[in-house]
Amino acid sequence: MEYEKYLAQAPDLIITYGTKILLALVIFIIGRWVAKILARIVRSILTKRGLDITVVGFMGNIVSAVVTVMTLIAVLGQLGVQTASLVAVLGAAGLAVGLALQGSLSNFASGVLLVAFRPAKAGDYIEAAGVAGVVEEISIFSTTLITPDNKRITCPNSSIMDGVIVNYSAKDTRRVDLTIGVSYDADLQQVKEVLTRVVTENELVLDNPGVTIEVGALADSSVNFVVRPWTKTADYWTVYFGLHAAIKIELDKAGIGIPYPQMDLHVQQLPKQ
């Protein structure tokens, strides 16, 4: 009978397909193990290079996903599925999805470039895509910034990579640029001595490189001095605000005027008719 025929073939079928299924299972287990090992190695290497923890996890997940996809293709091939046709179908589907998601793929590629070239990392204060803030996170498709007034801004990675990135935290030191205007009646040598004393007495100002204090411009109503000391990046705003206040106090003590815009009003009386 028909069923007796299938029963007679059962041992051969079990051996043939059972072996394929067993090998496919072994391939899947080994593939998953390799994916975890490679992801762990990538994370370890990137961590030793000092990359941000978010970037490390991002790259580790990508490696794990790529190896897993390759493992699944190998498993399907072991089970007798025509992987060439499957890859062609997946490629066509991927092309269609890629065309539909050009913006997202552009953000993904930009995220990879941000990770690879590291123009900024978590904790850096940057200016990019028309906004400024501290980098909180670099994810697959976007970068999150925290502004000085504690607002969270999410920028597409492509917007950041397509423009100029100004990283204020990249270097350990920064120059503080001040412009101080004094009256034309002031003794310029005395002004320079007062400015030099105020700057050198500030403990946060660095001795090397030295400070620049020179006449920068003869403006409409004032003689403008440029004052350019150097300080640690973390102390920038403390020095910036502190010097402004200290300079004003010392110039007042020395009797040196700081001009401000004034308007003279002339009243002319018309003759009587």
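Which residues, taken from region 140-161, are without any contact (Cβ under 8 Å) to a residue 24 or more places away in the chain and either surrounded by fewer than 17 Cβ atoms within 10 Å (Cβ to Cβ) or part of a loop (DSSP other than H, G, I, E, B) (or both)? Matches in region 140-161: ILE146, THR147, PRO148, ASP149, ASN150, LYS151, ARG152, ILE153, THR154. From the residues in region 114-127 that are out of contact with any Leu (no Cβ under 8 Å at 6 or more places or on another chain) and either surrounded by 15 or more Cβ atoms within 10 Å (Cβ to Cβ) or modelled with pLDDT under 65 (or both), which one is nearest to ILE29 (Cα to Cα)? It comes out as LEU114. Here is the figure for region 162-205: residues that are within 28 Å of GLY111 (Cα to Cα) and loosely packed, with under 12 Cβ neighbours inside 10 Å total 3.
For region 181-239, what are the residues that are of a type in the set (Lys, Arg) and in contact (Cβ under 8 Å) with a residue 60 or more places away in the chain? Listed by number, the list holds a single entry, LYS232.
The values are calculated or read from the model by the stated rules, or taken from the named source; none is laboratory data. Just so we're clear, the structure is a prediction, and the values are computed from it rather than from any experiment. Neighbour counts run over all protein chains shown; Cβ positions are idealised from the backbone, glycine included.
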